[in-house]
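Peer 1: Take a look at this one; I'll ask things after.
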Amino acid sequence: MSNFNRFGNMSPPPELMRRSYLMAEEPFHIVGNVYFVGNTWCSSHLIDTGDGLILLDTPCLPELAYLLDNIWRLGFDPRQIKYILVSHAHMDHYGAVRALVHLTGAKTLMGEVDAADMAEHPERFERMNLGGGRFNENFTPDILLKDGDVLELGNTKIRCVLTPGHTIGVMSHFWETEEDGKTYHVGIYGGAGFVTLSEDRLKECGLTVDMRKVFAQSIDKVWDEKVDVMLGNHPFHNDTYEKWERVKKGEKDAFIDPTEWHRYLQELRDRYQEFLKLSPEEIKKMYEKSYFFVYRDKAVPYLFGGIPEDMALPEA
């Protein structure tokens with residue numbers, strides 16, 4: 001997939017959004033106390049701290065049932081979630097937060113910059129929440145995170161780093177986990193897509209093109225982070241399912257790769273520079289087509305339950 005742009009339009013097409021149960025996937029262990037409980041489109045990660053669970057990002061509200069099912073299937077009780085940590089203020093990462101809090105009583109955390117944006121512009125977020133005829137909900141975080149804050153629970157300390165660009169308050173996260181007597185550094189870049197930096201989207205959010213420079217600076221900011229296990233807030237960012245397939249074939253350490261962090265950030269830099277050279281018309285054309293099925297057919301051809309024969313979906 002040499003021409004595959006993991007930072008382009010990767011949204012599921014409307015046919016799949018209406019039947020989001022087709023994006024349900026099996027959960028699995030990644031490394032140490034870190035588990036994948038997400039779906040084909042969006043990643044959610046569960047961390048077992050020994051003193052309760054931390055959930056990093058929720059899916060959209062229509063996918064909540066599959067998140068809960070995945071947590072149960074791994075042998076955990078969702079009611080043991082103590083904290084829900086949200087990477088950034090886009091509904092595909094926070095849409096189910098309020099419902100999950102209602103069920104579990106968990107405390108919520110998000111960067112203070114994104115939280116303020118949501119509080120000050122609820123109408124803009126509500127338009128996004130209802131996009132495609134789906135329902136998601138805004139929320140007010142219990143804990144507002146500043147750059148460099150640390151969330152500590154049990155055996156886990158998650159360092160939260162402000163890396164704006166994808167939204168004005170994206171937070172990336174870094175922590176350590178242990179397995180078989182070894183310590184691994186886990187890292188996740190909080191929001192990598194740059195469709196939000198088109199002129200139309202910047203104008204909608206009341207931002208200027210200066211935000212484009214901020215995005216590049218965020219990549220530089222975390223370049224020197226030590227990361228042995230890179231996670232993605234979408235599976236197509238870190239090839240989640242390809243790695244899981246390798247694990248199932250006997251490659252136990254498929255998720256451990258200290259070189260991936262720089263490869264990923266360099267790819268992000270390169271694609272971003274290509275994006276900056278495009279005209280507004282070229283950007284619009286670039287995002288007209290979703291490449292979700294190109295990714296899915298390459299990485300996840302075994303979609304949970306398969307695609308019903310009477311359901312016509314776009315070709316890859």
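The values are calculated or read from the model by the stated rules, or taken from the named source; none is laboratory data. All figures in this text were calculated on a predicted structure; none of them were measured in a lab. Don't worry about glycine lacking a Cβ; one is built from the backbone with ideal geometry, like all the others, and counts go over all protein chains shown. For accessibility, only protein heavy atoms count, side chains too; no ligands or nucleic acids. Shrake-Rupley method; radii C 1.70, N 1.55, O 1.52, S 1.80 Å.
Peer 1: Confirm whether residue 166 is closer than 18 Å to residue 223 by Cβ, open to solvent by less than 40 Å² (accessible area, probe 1.4 Å) and part of a loop (DSSP other than H, G, I, E, B). Step through it out loud before you land on a result.
Peer 2: Details: closer than 18 Å to residue 223 by Cβ: yes; open to solvent by less than 40 Å² (accessible area, probe 1.4 Å): yes; part of a loop (DSSP other than H, G, I, E, B): yes.
Judged against the criteria, residue 166 is a match.
Peer 1: Pairs needed: first member in the range 13-39, at pLDDT 95 or above; second member anywhere, surrounded by fewer than 22 Cβ atoms within 10 Å (Cβ to Cβ) and of a type in the set (Lys, Arg); C-beta distance under 6 Å; at least 6 residues apart or different chains.
Peer 2: The qualifying pairs are 27/73.
Peer 1: On to the next question. Going through 101, 113 one at a time, which residue ends up being open to solvent by 30 Å² or more (accessible area, probe 1.4 Å), assigned to a helix (DSSP H, G or I) and in contact (Cβ under 8 Å) with a residue 40 or more places away in the chain? Step through it out loud before you land on a result.
Peer 2: Numbers: 101 fails: in contact (Cβ under 8 Å) with a residue 40 or more places away in the chain.
Within the list 101, 113, the selection yields 113.
Peer 1: Looking at 84, 143, which is the one that is open to solvent by 30 Å² or more (accessible area, probe 1.4 Å), in contact (Cβ under 8 Å) with a residue 12 or more places away in the chain and touching a Leu at 6+ places or on another chain (Cβ under 6 Å)? First the steps, then the outcome.
Peer 2: On the way: 84 fails: open to solvent by 30 Å² or more (accessible area, probe 1.4 Å).
Residue meeting the stated conditions: 143.
Peer 1: Can you name the number of the only condition in (1) open to solvent by 30 Å² or more (accessible area, probe 1.4 Å); (2) in contact with a Phe, Trp or Tyr (Cβ under 8 Å, 6 or more places away or on another chain); (3) at pLDDT below 95 that residue 201 fails?
Peer 2: All conditions are met except number (2).
Peer 1: So residue 177 fits all but one of (1) surrounded by 18 or more Cβ atoms within 10 Å (Cβ to Cβ); (2) over 24 Å from residue 50 (Cβ atoms); (3) touching a Phe, Trp or Tyr at 6+ places or on another chain (Cβ under 8 Å); what number is the exception?
Peer 2: Against the list (1) surrounded by 18 or more Cβ atoms within 10 Å (Cβ to Cβ); (2) over 24 Å from residue 50 (Cβ atoms); (3) touching a Phe, Trp or Tyr at 6+ places or on another chain (Cβ under 8 Å), residue 177 comes up short only on (2).
Peer 1: Another question about this same structure. Specify the residue that is nearest to residue 58 (Cα to Cα); the eligible residues are those in the range 220-244 that are acidic (Asp, Glu) and either in contact (Cβ under 8 Å) with a residue 12 or more places away in the chain or buried (at least 21 other Cβ atoms within 10 Å of the Cβ) (or both). Reasoning before the result, please.
Peer 2: Applying the first criterion (acidic (Asp, Glu)) to the range 220-244 yields 220, 224-225, 228, 239, 242.
Cutting the leftovers down to either in contact (Cβ under 8 Å) with a residue 12 or more places away in the chain or buried (at least 21 other Cβ atoms within 10 Å of the Cβ) (or both) gives us 225, 228, 239, 242.
Working: 225: 25, 228: 24, 239: 19, 242: 22 Å.
Out of the qualifying residues, it is 239.
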